[in-house]
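> The structure follows.
All of the numbers you see were taken from the coordinates with simple rules; none came from a lab. Computed from a predicted structure; not experimentally measured. Methodologically, a virtual Cβ is constructed for each residue, glycine included, from the backbone with ideal geometry; neighbour enumeration extends over all protein chains shown.
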Amino acid sequence: MITWRGRPFTAPCHRLALAIPNLHPAIKPPIDKRIRHVFDGDCFSITRNRKTLFVRIWGADAPECPQPYGLDAKRALIALLARHDVSLQLISTDQFHRKICRVSTSECPDVSLELIRRGLAWHDKRFAPHAAAYSKAEAAARKAKLGLWSDPNPMPPWIWRRTHNTAVPNIETPPA
């Protein structure tokens, strides 16, 4: 339970104890840290030292919010991050200056894997081609028709973005 001024903290933007190891060697350990906003099923922002960092979850590509299961993916990400210690492992930075990170919590060792397991995201093979556990989890979710896999023809988000002319910070090619 997270407390603030001696009382449980239950406001919409939950203060979280984030362990953020070495996002950048010049960045000192965070003083103020909290999940600021969850944008969709694979992107969120955090506040560190009064600065906002935008984070893209590595290895998973969730449907955009207007797509079927997009809001379900967003709600799942909120539930996975809220009220838990969150850890970010920096993988890279994309062309939109978002931090591409492996994300884990005190309750979930791999947030990307959990979203894929629940059928709420595709394994993003463009950026995580050697993540065998992600491929296996996606295959199991497809077989069980979980989440977006219950749709006979789910539209991958990279195709949806291309057909809807949305500018998003992803390479717009399908995974191999």
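> Under a 5 Å amide H to amide H cut-off, with H placed in plane at 1.01 Å, what residues pair with Arg36 once short-range neighbours are removed?
Ser45, Ile46, Thr47
> Same structure, new question: Is any residue of segment 51-91 close enough, with backbone N under 18 Å, to a label point placed 7 angstrom from the Cα of Glu107 along the Cα-Cβ axis, and if so, which?
Within reach of a label on Glu107: 72-88.
> Read phi for every residue in segment 37-49 and hand back ³J(HN,Hα) as whole Hz from Karplus 6.51 cos²θ - 1.76 cosθ + 1.60, θ = phi - 60°, with x for Gly and Pro.
Karplus-based 3J(HN,Hα) across segment 37-49 equals 7, 9, 7, 7, x, 9, 9, 8, 10, 10, 10, 10, 6 Hz.
> Among the listed pairs Lys74/Lys99; Lys51/Lys136; Lys74/Lys145; Lys51/Lys125, which are separated by more than 27 Å between their Cα atoms?
Long pairs (Cα-Cα over 27 Å): Lys51/Lys136; Lys51/Lys125.
> Report Rg/Rh for segment 87-140, rounded to two decimals, where Rg is the Cα radius of gyration and Rh the Kirkwood radius.
0.98
> Given a Förster radius of 41 Å and the C-beta distance between Ala144 and Ser92 as r, what FRET efficiency does 1/(1 + (r/R0)^6) yield to the nearest 0.05?
The computed FRET efficiency comes out at 0.80.
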